[in-house]
Structures are given as C-alpha cells and as structure tokens.
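What follows is calculated from the coordinates using simple rules that are stated; it is not laboratory data. Here the structure is a predicted model, which is why all the values come from computation and not from measurement. In this analysis, Cβ positions are derived from the backbone assuming ideal geometry, glycine residues included, and neighbour counts consider all displayed protein chains.
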Amino acid sequence: MQNVFITATDTDAGKTFVACALIHGLVKSGNKVSAYKPIAAGCQQVGNSLVNEDAKLLSEFANCKQTINEVNPIALIEAIAPHIAAARINRTISIEEVAQGFEKVLSLQADINLTEGAGGWRLPLSITATKASFLSDFAIDTKQDVILVVNMKLGCLNHALLTYQAIIADGLNCVAWIANNASEQPMSNLSENIASLEQLLPMPKIALLSFYHDSAMSLHDKICAAASEIDLTPLLTK
C-alpha cells in the first residue's frame with residue numbers, strides 16, 4: 001500500500017486536475033486507487049450532503065466505490081481559507097478528524113491512496129494564541145510521499161523551491177514534480193523556467209501539462225489526455 005499526497009505551490013494550481021489524471025493513469029495500469037480530499041471549502045448543498053465539485057471529480061476517477069463523504073469528510077460552504085470558513089460556523093478542524101477520515105480510506109485496502117491537499121503545503125487548519133496546526137502535519141504523521149504541482153506562472157521558481165524545502169525539512173520524500181499550465185495565458189519564457197526548475201529541484205519532473213484550449217473536449221476527456229502525458233514510473237516502481 002502506497003500513500004501519496006498531492007500538494008502545490010499555491011491555490012488554483014490545478015491539484016484536482018493533476019490528481020484525477022494521476023488516478024486515471026494508475027487505474028489504467030491495473031491498480032486499485034482510492035481518493036481522499038480531507039478538506040474542501042466551496043461546496044453546495046445536495047440533499048443531506050455538502051458536495052464539492054473537485055471531490056466529486058476525484059470520486060469519479062477513483063475505483064474503490066467511495067461515497068462523496070468518504071472522499072471528502074470535511075466540507076465547508078464558503079470558498080475561503082478552511083480555518084476561517086470553519087470558524088464562521090463555530091467549528092474547528094483538527095488533525096485527528098483528518099486522520100479519522102484517512103483510516104476509513106486505508107480500510108479499503110487500495111494499492112495506492114492518493115490524497116489531495118488544499119491550498120499550498122502549509123495550509124492552516126486551526127490557529128490559536130498558543131498553537132497552530134497545518135494540513136502538512138497530517139502528511140507528516142502518515143509519512144506520505146509527496147508530489148509537487150508547480151503552477152507555471154511568474155514567481156513559480158521561488159514558490160516551488162520554498163515548498164520543496166519545507167517538505168524536505170518536514171522529513172518527507174518529495175518523489176516527483178509536475179509542471180502545470182493552469183492558466184489559459186501561457187507563461188512567458190516557459191522553457192527557460194522549466195529548465196531552471198529542473199536544475200533547482202532534485203526529484204524528477206514527470207509531466208509538463210499544457211492548458212487544454214479545445215472547448216469541444218469535456219473536462220473528463222482533458223483529464224484523460226493529461227494522464228497520457230504523465231510518467232508514472234516513480235510511483236509504479238515503489
């Protein structure tokens with residue numbers, strides 16, 4: 001059983017898109033893959049559940065027959081920082097709650113459990129006068145391998161290197177990175193920035209994903225197309 005945590009240089013870097021593409025590729029390779037998005041802010045009320053579109057998408061690609069609540073146990077309506085969204089409804093988010101949801105994922109006995117983080121690496125879960133906890137604490141406690149999604153835009157060199165350094169300082173193994181063009185407007189000097197990141201980051205780049213402009217393609221088809229661009233070797237050889 002392998003546990004993989006997907007993080008990114010910032011919000012809106014394309015974590016869900018990349019996570020779904022990874023899951024699709026791993027499933028096509030014959031693996032049983034679970035999806036876990038412990039925290040999602042920006043949900044809609046559907047029946048008795050709060051449903052996040054990203055979590056729903058993850059559940060559609062994973063092949064462990066998970067319910068939306070199993071994929072995403074902590075769902076918040078407002079699309080803002082989760083600890084602020086939680087405080088507005090007088091609740092707190094704890095590492096223990098995130099870990100409890102993960103225990104249910106582990107019980108599925110998947111070959112690979114893929115967790116999608118929220119925001120960047122150091123996402124706050126709670127902040128008090130004496131202590132702060134972060135989603136990265138959960139990744140540390142569960143000793144997950146990390147894949148870093150780099151949002152290819154101005155500033156990404158600094159963001160990528162700082163995020164990598166934080167992951168390593170936390171004692172985890174960053175097994176790969178993915179360059180993702182999350183914006184319709186391509187980054188200027190993209191190839192030079194890719195080359196710089198390849199020199200700065202010691203782990204392998206397993207994909208350079210382009211923004212899919214074809215409006216005739218469904219999101220599902222775009223994810224499947226992206227999956228074919230990802231080199232899964234670092235995961236399949238673990």
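If r is the Cβ-Cβ distance from Ser228 to Ile80 and R0 is 41 Å, what FRET efficiency results, to the nearest 0.05?
Details: r = 35 Å, r/R0 = 0.85.
Calculated transfer efficiency: 0.70.
Say a paramagnetic label sat at a point 7 Å from the Cα of Thr11, along Cα to Cβ; which residues of the range 98-139 have their backbone N under 14 Å from it?
Once the point is set 7 Å along Cα→Cβ of Thr11, 118-125 turn out to lie under 14 Å by backbone N, inside the range 98-139.
Only loop residues by DSSP count here, and only those with at most 15 other Cβ atoms within 10 Å; note down the GluC sites (Glu not before Pro) in the range 1-108 that meet that.
Numbers: sites: Glu53, Glu60, Glu70, Glu78, Glu96, Glu97, Glu103; in loops: Glu78.
Answer by residue number: Glu78.
Return Phe102, Phe138 ranked ascending by Cβ neighbour count within 10 Å, so the fewest neighbours appear first. Intermediate results must be reported in sequence, preceding the final value.
Values: Phe102 21, Phe138 25.
The fewest-first ordering by Cβ neighbours comes to Phe102, Phe138.
Modelling each spin label as a point 7 Å along the Cα-to-Cβ direction, I'd like the Lys205/Ser188 distance in nm, to one decimal.
2.0 nm
Could you work out how far apart the two model spin labels at Gln100 and Lys143 are, taking each label as a point 7 Å from the Cα in the direction of the beta carbon, and quote it in nm?
Label at Gln100, label at Lys143, 2.5 nm between them.
Can you tell me the FRET efficiency between Ser196 and Asn48 if r is taken as the Cβ-Cβ distance and R0 is 41 Å, rounded to the nearest 0.05? List each step's numbers first, then the result.
Numbers: r = 49 Å, r/R0 = 1.19.
It comes to 0.25.
With each label point set 7 Å from Cα along the Cα-Cβ vector, what nm distance links Gln109 and Ile89?
3.5 nm
Go through Lys56/Lys222; Lys32/Lys104; Lys153/Lys222 and tell me which ones have a Cα-Cα distance over 19 Å in this structure. Kindly include the intermediate steps, with their values, before the conclusion.
Details: Lys56/Lys222 16 Å; Lys32/Lys104 15 Å; Lys153/Lys222 21 Å.
Where the Cα-Cα span goes over 19 Å, the pairs concerned are Lys153/Lys222.
Say the dipole of the chain comes from +1 at the beta carbon of Lys and Arg and -1 at that of Asp and Glu; which of Met217, Cys174, Ala139 then lies farthest toward its positive end?
Working it through, the farthest residue towards the positive pole turns out to be Ala139.
Find out how many positive minus negative residues lie around Phe134, taking Lys and Arg as positive, Asp and Glu as negative, among other residues whose Cβ is under 13 Å from that of Phe134. Mind dumping the intermediate values first?
Details: positive: Arg122, Lys131; negative: Asp137, Asp141, Asp170.
Local charge sum for Phe134: -1.
About its Cα centre, what dipole magnitude does the chain give when the only charges are +1 on Lys and Arg Cβ and -1 on Asp and Glu Cβ, stated in debye to the nearest 20?
Values: 16 positive and 23 negative charges, 66 e Å.
Roughly 320 debye, rounded to the nearest 20.
With semi-axes √(5λ) of the Cα gyration tensor in Å defined as stated, name the option among [x] 38, 20, 18; [y] 26, 21, 19; [z] 28, 20, 19 computed from the structure displayed.
Given [x] 38, 20, 18; [y] 26, 21, 19; [z] 28, 20, 19, the calculated one carries the label [y].
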